[in-house]
Amino acid sequence: MAEKKKIFLWDIDGTLLLTGGAGVVAFERVFESLFGKKNIWDNINPDGRTDPSIVDEIFEKNFGKKASAEEQENIKNLYNKIMAEELPRSPRFRIMPMASEIIASLFSQKNTYLGLATGNYKETAFNKLKQGGFNTHAFLFGGYGCDAYERIDLTRLAHKRALQHVGEDSETYLIGDTVHDVRCGKAIGATVVAVCTGSTPRAQLEAENPHVVLDTLENFPY
């Protein structure tokens, strides 16, 4: 009997790496450049969010309205450019324990396929992975913040793309560090691995009933 194929959908921020504040600096630069507005990040919580939804929250708090489609597009393009500049400058950029080794190990395994389910714009997602020294070619499919406004929609899209690539007869695992990751993973029927390397407390992750909760990826069981 053939071994069942496995799909691993990975979150990035707080799960595989932390940019050390590069995103905040980039958003501040974007809004100052495009709108002449400084100090736009007050009380913004980006955990588990999509980049477009973060943009709308910034807009509503600073301008009293949501961003137009044109404004969203202009922000995305400039943010991708500025993030590419800021990532190498961030002194607190770091990889989560064992993340690189686990991705490399999974990539080397037969019938195992890796993808992404992240709220990042796609270009920035891969710039972060590249900065972290990950093999970006390991991630064959994904769902991104530029694909969908809501996290659940980009996760469903990532899963759809994965199944198209791998085939329906496969097992899906989703790994993330926020309650949003857990909820989205459960919604697509994945085995959900919650990891406590982000800012979400373990108790909050456990309350969402993921299949596995890890303090770090060092005990990754697959």
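The values are calculated or read from the model by the stated rules, or taken from the named source; none is laboratory data. As the structure is a prediction and not an experimental result, all values here were calculated from the model. Here the Cβ is made from the backbone with ideal geometry for all residues, glycine too, and neighbour counts use every protein chain on show. Side chains included, ligands, DNA and RNA excluded: accessible areas come from the protein's heavy atoms. Shrake-Rupley method; radii C 1.70, N 1.55, O 1.52, S 1.80 Å.
Summary of values
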{"quantity": "Inverse of mean 1/r across different Cα pairs in the range 15-135, Kirkwood, Å", "calculated": "15.5"}
{"quantity": "Average Cα contact separation per residue, the range 98-222, under 8 Å, 6 or more apart, as relative contact order %", "calculated": "19"}
{"quantity": "0 to 90° range, to nearest 10: angle between helix 51-63 axis and the chain longest Cα axis", "calculated": "30"}
{"quantity": "Å² per residue, accessible surface of the range 43-103 at 1.4 Å", "calculated": "51"}
{"quantity": "Added length on full extension, which subtracts the Cα-Cα distance from 0.36 nm per residue, Ser170 to Thr136", "calculated": "10.0 nm"}
{"quantity": "Lys61-Glu218 pseudo-label distance in nm [points 7 Å out on the Cα-to-Cβ vector]", "calculated": "3.4"}
{"quantity": "Ile152 paired with Lys4, simple spin-label distance in nm, labels 7 Å along Cα-to-beta-carbon", "calculated": "2.5"}
{"quantity": "19 Å Cα-Cα reach of Lys5 towards aspartates and glutamates, excluding residues that sit fewer than 8 places from it in its own chain", "calculated": "Glu168, Asp169, Glu171"}
{"quantity": "Heavy-atom accessible surface of the chain: percent carbon and sulfur, 1.4 Å", "calculated": "47"}
{"quantity": "Mean separation of Cα contacts under 8 Å (6+ apart) over length of the chain, as relative contact order %", "calculated": "27"}
{"quantity": "Hz values of 3J(HN,Hα) by residue in the range 36-49 - Karplus curve (6.51, -1.76, 1.60), Gly and Pro given as x", "calculated": "x, 10, 10, 6, 8, 8, 4, 6, 8, 10, x, 4, x, 9"}
{"quantity": "Using distinct alpha-carbon pairs, which all enter the 1/r mean, Kirkwood radius of the range 100-215 in Å", "calculated": "14.6"}
{"quantity": "Value of D in µm² per second that Stokes-Einstein yields for the chain, Kirkwood Rh from Cα pairs, at 10 °C (1.306 mPa s)", "calculated": "90"}
{"quantity": "Proximal aspartates and glutamates relative to Lys128, as straight alpha-carbon distance under 15 Å, when same-chain residues fewer than 8 apart are discounted", "calculated": "Asp11, Asp13, Asp51, Glu85, Glu86"}
{"quantity": "Extension gain (nm, one decimal) between Ser108 and Lys38, 0.36 nm per residue minus Cα-Cα", "calculated": "20.6 nm"}
{"quantity": "Whole-Å distance, taken between Cα centres, linking the range 41-114 and the range 156-222", "calculated": "18"}
{"quantity": "Karplus-derived 3J(HN,Hα), 6.51/-1.76/1.60, for each residue of the range 143-159, Hz, glycine and proline x", "calculated": "x, 9, x, 7, 8, 7, 6, 9, 4, 4, 5, 5, 5, 4, 5, 4, 5"}
{"quantity": "GNM top mover of Ser199, Ser90, Ser53 - the chain, alpha-carbon springs below 10 Å", "calculated": "Ser199"}
{"quantity": "Percent RCO, i.e. relative contact order, over the range 19-66, from Cα pairs under 8 Å lying at least 6 residues apart", "calculated": "23"}
